[in-house]
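> Questions regarding the structure given below will be posed in turn.
The values are calculated or read from the model by the stated rules, or taken from the named source; none is laboratory data. It should be emphasised that the depicted structure is a prediction, and the values quoted were computed from it without experimental measurement. Methodologically, a virtual Cβ is constructed for each residue, glycine included, from the backbone with ideal geometry; neighbour enumeration extends over all protein chains shown.
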Amino acid sequence: MPSGLIPFPFHLFSFHHPSLSRNPSHTDLRGEQREIMLSVLALTSVVLLGIASQTTAIVVYTSWERHALVGTDVRLSCSFFSWQWTSPDVTFSWHYRPDGAKEAISIFHYAGGIPYVDTKGPFRDRMEFVGNPSRRDGSILLKNVDFADNGTFTCDAKNPPDIAGSPSHVRLFVFEKVPVQAGVITGAIIGVVLGLLILIVAIYYLMRFLVARRVFSLSMSKHGRKGKGKEGSQQKQKPKVPLVFISF
Amino acid sequence: MLLLLMGIVVLHVAGLVLLLVSTIVSAWVINTNSRSDLWTNCTTVSGVYRCDPADTGVWIQAVQAMMILSIIFSFISLFLFFCQLFTLKKGGRFLLTGAFQILASLFVMCGGIIYTVMNSGWVPAKESYGFSFILAWIAFPLAFISGVVYVILRKRE
């Protein structure tokens, strides 16, 4: 239970409430009701927050997929969310399951402030710890990836006493050339065409405005102030049903 | 003359509906147990119907963009037609409406051409074209004729 009492808005119910000394008008009562509702809402949310902090587990975040070119370096990021403060005993561990294999092997472990990098497995001499555990970041860097590194990487983080939670997976795809992501080119073409359309419309209106202003200033200098009232008022046509006809 | 107006609007709306159906319904290429279109490839394998997102190749995305642009331009042209109907002076031509409609038809044409030429990359050779593909190719002359009609149309009081 959250420690400390929530200060209940006793002042609303005291006998020295300012609104009781004069005639309680309609708006005063409604304002009072609103205050009561707001305080009840605040109380409920604090209670729920207190309960929630005891029941939600640690949540681990990684990317969904990573795509990389052969021979490049890939940074697999891993972070977590926990209601508790980051403890000094926080642990990160990474497992790797190659595509088609059934078992995952452990490739990285961080515990007690020391990162333990794989020295015997497929990533020996190719992995580096680039995370910052005090900032809840447990990312690793894989150098010079190859096609054999295709697979699923699992990150598991524990933040004592918050240890219940499920690990998160990130799939690594290694390509010879990176394919275009879905929708990028579609969006680009549509954006360019619509942008050109808006640009043309804007330029057209700008030209019309400039030409009209030049004509106006020329006619002003010619005729003085005589013809000022007659310009600019167009006749509005009556909106009866318009008819169209075809002629070549 | 009101009949002419209704006929022109019906023609335009028909073209627009064909464009919409062709873009949305998944039937550009049909096989006995699979159909695919611009967005997904759906197959029925041993009673299970599942859909995967389509290839993310450059050309299929270009076709997607062309179809969407043609729908957008056709909508804009319909909107402009009603605007110009009430604001044009007597004897004026619906040039802007016609221009947008012709642009829409050109986009459908580009999309259809790209799909027909490049589909050897993502469609197996023995499958037949579906009705959405045919609708797209019908929508092109419909939209083109509609655009030309707008260009030669004049407003009468």
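> Of everything in segment A:153-169 that's out of contact with any Cys (no Cβ under 7 Å at 6 or more places or on another chain) and closer than 28 Å to A:Thr72 by Cα, which residue is nearest to the other protein chains (Cβ to nearest Cβ)?
Applying the first criterion (out of contact with any Cys (no Cβ under 7 Å at 6 or more places or on another chain)) to segment A:153-169 yields A:153-154, A:156, A:158-166, A:169.
If we keep only those that are closer than 28 Å to A:Thr72 by Cα too, we end up with A:153-154, A:156, A:169.
Numbers: A:Phe153: 23, A:Thr154: 25, A:Asp156: 30, A:His169: 20 Å.
Result: A:His169.
> If A:Tyr61 meets every condition in (1) under 26 Å from the mean Cα position of the chain (by Cα); (2) more than 30 Å from A:Val180 (Cα to Cα) apart from one, which number is that one?
(2)
> Kindly provide the set of residues from segment B:19-76 that are over 21 Å from A:Ile190 (Cβ atoms) and in contact with a Gly (Cβ under 7 Å, 6 or more places away or on another chain), ordered by number.
Selection gives B:Ala27, B:Val29, B:Ile30, B:Arg35.
> Determine which member of the set A:Thr44, A:Thr86 is out of contact with any Leu (no Cβ under 6 Å at 6 or more places or on another chain) and assigned by the TED database to the domain that holds A:Ile163.
A:Thr86
> Is segment A:171-185 home to any residue that is farther than 19 Å from A:Arg66 by Cβ and within 14 Å of another protein chain (Cβ to nearest Cβ)?
yes
> Let me ask another. If I go through segment A:66-102 residue by residue, how many of them are in a strand (DSSP E or B) and of a type in the set (A, V, I, L, M, F, W, C)?
Initial filter on segment A:66-102 (in a strand (DSSP E or B)): A:66-69, A:74-76, A:78-81, A:91-98.
Those still in the list that are of a type in the set (A, V, I, L, M, F, W, C) too: A:68-69, A:74, A:76, A:78, A:80-81, A:92, A:94.
Going through segment A:66-102 one residue at a time, the tally reaches 9.
> Also: Please find, within segment B:109-123, the residue that is nearest to the chain's Cα centre (by Cα) out of those that are of a type in the set (A, V, I, L, M) and assigned to a helix (DSSP H, G or I). Even if it seems obvious, please write down each step before you answer.
Of segment B:109-123, the ones of a type in the set (A, V, I, L, M) are B:109, B:113-114, B:117-118, B:123.
Within this subset, residues satisfying the condition of being assigned to a helix (DSSP H, G or I) are B:109, B:113-114, B:117-118.
On the way: B:Met109: 8, B:Ile113: 13, B:Ile114: 14, B:Val117: 18, B:Met118: 18 Å.
Here the answer is B:Met109.
> Please work out which one of (1) touching a residue at least 12 places away in the same chain (Cβ under 8 Å); (2) surrounded by fewer than 10 Cβ atoms within 10 Å (Cβ to Cβ) is the condition A:Lys120 fails and give its number.
Result: A:Lys120 passes all but (1).
> Please give the strands (runs of 3 or more DSSP E) falling wholly within segment B:1-108 in which 2 or more residues are more than 9 Å from chain A (Cβ to nearest Cβ) and crowded, with 18+ Cβ neighbours inside 10 Å.
Output list reads B:34-36.
> Still on this model: Kindly indicate whether A:Ile198 is exposed (fewer than 13 other Cβ atoms within 10 Å of the Cβ), within 12 Å of chain B (Cβ to nearest Cβ) and in a helix (DSSP H, G or I).
yes
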